[in-house]
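Everything below concerns the one structure shown next.
Please treat every number below as a calculation from the coordinates, not as lab data. Keep in mind that this is a model prediction, so the values were computed, not measured. All Cβ positions, even for glycine, are placed from backbone atoms using ideal geometry, and neighbour counts span all protein chains on display.
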Amino acid sequence: MTAPDPEVPVITIDGPSGSGKGTIARRVAEALDMHLLDSGALYRLVGLAATRQGQVGAGEAEIAAIAADMNVRFSMNDAGEEQVWLGSEEVSSELRTEECGLMASRVAALPAVRKALLGLQKGFRRAPGLVADGRDMGTTVFPDARLKIFLTASAEERARRRHKQLNDKGIDVSLAALSRDIEDRDRRDSERSVAPLRPADDARLLDSSNLTIEEVTQTILDWAQELD
């Protein structure tokens, strides 16, 4: 990957798990013809790689070494859906499991892992621009981003959305259990010592609890247009 260009515009969309930032980021990137960085997928990839290597209980240095050695590639299929590759294997479906999400939250709290992935994330900054979604894109990875969004929704609404998403896939899961998992993940992400989940000082806050995907996307596109 080529060296990042600091002149390339970046839009960051941060927020807690289940806020819809991944879906929104893809739509904004497509509308603006920009590249996309799904930073959450990187941490899920670390969790998946560690699990496959039998290193779930390994120490921080070992997990960071796995992160540094990953061969990651993003692509889009014919339906416009994001594909994530680990080496030569397409692993998108595996990354979206609840187990992988919980593992991602744990490894993301490890400072050495975040350091190992920082250069990889910065490398996605290339012309004509980048939309980056995650939890610390605007605070740590791209603090000079031209537009920073902190997208959120109530824990109850986020659990309801995830519950519907899983049910639509034929996966039976307790709504109460999902709510507990989301609250636990929020707490871990906001209390970690390195790059905790919080809005950047100059971020625009956007609560999507009562908004449609189209309304959220259009709001961000309107904000981006104001900066042109």
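Remarks
- Loop-resident GluC sites (Glu not before Pro) (DSSP state other than H, G, I, E or B) in the range 1-79 with no more than 13 further Cβ atoms inside 10 Å of their Cβ: Glu7.
- Rg over Rh for the range 152-228 works out to 1.05, both radii taken from alpha-carbon positions and Rh defined as the Kirkwood radius.
- Relative protection proxy for 101-109, 74-82, 186-194, from highest mean packing down: 101-109, 186-194, 74-82 (other beta-carbon atoms within 10 angstrom).
- With the charge dipole of the range 10-223 set up from +1 on Lys and Arg Cβ and -1 on Asp and Glu Cβ about the Cα centre, the Cα lying farthest toward the positive end among the listed residues Leu205, Leu110, Gln165 is that of Leu110.
- Cα centroids of the range 82-119 and the range 149-228: 18 Å apart.
- Length-normalised contact order of the range 35-84 in % [C-alpha pairs under 8 Å, at least 6 apart]: 26 percent
- Between the amide H of Leu86 and those of Val91, distances stay under 5 Å, these residues lying 5 or more places away or on another chain, with hydrogens modeled in the peptide plane.
- Hydrophobic long helices, here whole DSSP H runs in the chain with Kyte-Doolittle means of at least 0.5 and Cα atoms spread over 18 Å or more along the helix axis, are found at 39-52.
- Based on Cα contacts under 8 Å between residues 6+ apart, the chain shows a relative contact order of 33 percent.
- Dipole magnitude for the range 10-223: computed about the Cα centre from +1 point charges on Lys and Arg Cβ and -1 point charges on Asp and Glu Cβ, it is near 380 debye.
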